[in-house]
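This report concerns only the one structure given below.
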Amino acid sequence: MESIALPPPFPLTALIGQASLCEALLLVAVDPSIGGVLICGPRGTAKSTAARSLADLLPASAEAPEATSVHFVTLPLGASEARLIGTLDIDEALRGGGVKFSPGLLARAHHGVLYVDEVNLLADALVDVVLDVAASGVNIVERDGVSHRHAARFTLIGTMNPEEGELRPQLLDRFGLMVALENCFDPQVRQQIVKTRLDFDLDPVAFHARHASAQQQLRQRILDARAALASVEIGDDVHDAVSTLCIAAQVDGMRADLIMLRAARALAALEASATVTRTHVERVAEAVLRHRRHAPPSEANPSRDAGGAGGTAHDAHGAGDAGQAPEAANTSAQEAPDWGYLPPEPVGTTRVKDVVPLSAKKR
C-alpha cells in the first residue's frame, strides 16, 4: 500500500498569543530533567498544536544525527502498561536465547517527545510510570525475575482540560512546569490567529517553508543552550531568591526549589547568559509554583487569625464564652445553637434508703 506523506506540523515560531507556553516548551527542550510541561486550558487553545510544533523544532540527537525530525509519540488513554513500558519474552530467555525485549512507547519516545493528551483521564498507574521514567531517564521492565533496562530520555508534554476533572496532587507535583491557558477575547489577536491558521491550512508546506529560517535559528539556540547548560553559574543570591519564593508559596518538599533552579538555568542558557540572575528566577517562578502553591494560613482559615471571630459556631463558643458574662454567653448560645444537641430525658428512678458504711457498723 502506498504511504501518504503527512503535512509538516505548524511551526512553533508562527504561534501567536502563547508566549508563556512557548517559553515553557523551550525550557524543557533545553533541559528535559525539569520534568516536562503540563498545559492546562479549555478546548481550542493550541495545546496539541504546540506539542507537535516542539517535536518538529527539536534538533536530532547525537545518536541519530541523520534523522530529520525527532519522534513524536502519543500515549493513548486506553493503553496498557505492557504497551507503555514494553514486554519481555520469558520463554525465549528460558530456552537460553537471552532476553528478548519488545520495546514500548517509552522506548520509541527516546530523544523525542512523549505527548499525553488528557493526562487527568489517564490511569494513575500509567501516569506514575511515565513520570518516574521522565525523571530518571531509564525504563526498567521486570518479569518473573528477569529484568531489562533501556534509556528513555524524552520531553514530556501533558495536556488537560480542567472541565474534565483534576489530576491528583501527588501526580500534579511531579510535572516540572505548568502553563494555564485562557480563551482569547481580544478581537485583533483572534483575527490574527485565525488568518494565520487559514494560511497554514491552505498550503502547509509553503507556510512551513516561509518559517524555515526562523525555525532553524531557534533550533540552533536550543543546541547552543544545551551545550552551555553545565557551565551556567548559579550564585548564592539566586539560591536565596528561590528559597524565598518557595517558602512564601508553602510548597511541599524540595522539588519546587530544584525545578526552579533548573528552569532558571535553562532560561539563562537560552539567552546566552553565563550566570543565572534573579530576573531569570522571577520569569520561571509562576510556571513552577502554579500547581504547587498552598494558600497561606490567613487565607486558608481567616477565623483562626482573627481570634475566633467570624468562625464556626463551635469556634465562637469555645473562644468567645470565656470572656463573656453569662447573659452574653446564653445569648450567643441561642443565636448559634449546637446542632445535634439532644435535651435530657426523664428516666425511671428508685428511692434508695440511707446506707450505713461498713466501717461505721464495726465501730
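The values are calculated or read from the model by the stated rules, or taken from the named source; none is laboratory data. Treat the numbers as computed from the prediction; the structure is a model and nothing was measured. A quick note on method: Cβ atoms are made from the backbone with ideal geometry, for glycine too, and the neighbour counts reach across all protein chains shown.
Selection of region 254-293 for residues being more than 17 Å from A180 (Cβ to Cβ) and assigned to a loop (DSSP other than H, G, I, E, B) yields M254, E271, A272, S273, A274, V276, T277. Taking the numbered list (1) without any contact (Cβ under 8 Å) to a residue 40 or more places away in the chain; (2) closer than 27 Å to P8 by Cβ in turn, D224 passes all entries but (1). Here is a list: L181, L198, L177. Which entry is of a type outside the set (D, E, K, R), more than 12 Å from A14 (Cα to Cα) and without any contact (Cβ under 8 Å) to a residue 24 or more places away in the chain? From the options L181, L198, L177, the qualifying one is L198. Checked against (1) of a type in the set (A, V, I, L, M, F, W, C); (2) part of a helix (DSSP H, G or I); (3) buried (at least 16 other Cβ atoms within 10 Å of the Cβ), V251 passes all but a single condition, namely (2). Note on region 90-130: among residues that are at pLDDT 90 or above and more than 23 Å from the chain's Cα centre (by Cα), the one that is surrounded by the fewest Cβ atoms within 10 Å (Cβ to Cβ) is P103. With the requirement that a residue be under 15 Å from the mean Cα position of the chain (by Cα) and surrounded by fewer than 21 Cβ atoms within 10 Å (Cβ to Cβ), what does region 255-281 give you? Across region 255-281, the qualifying residues are R255, D257, L258. For region 227-262, the candidate set comprises residues that are of a type in the set (S, T, N, Q) and in contact (Cβ under 8 Å) with a residue 24 or more places away in the chain; within that set, the residue that is nearest to P169 (Cα to Cα) is Q250.
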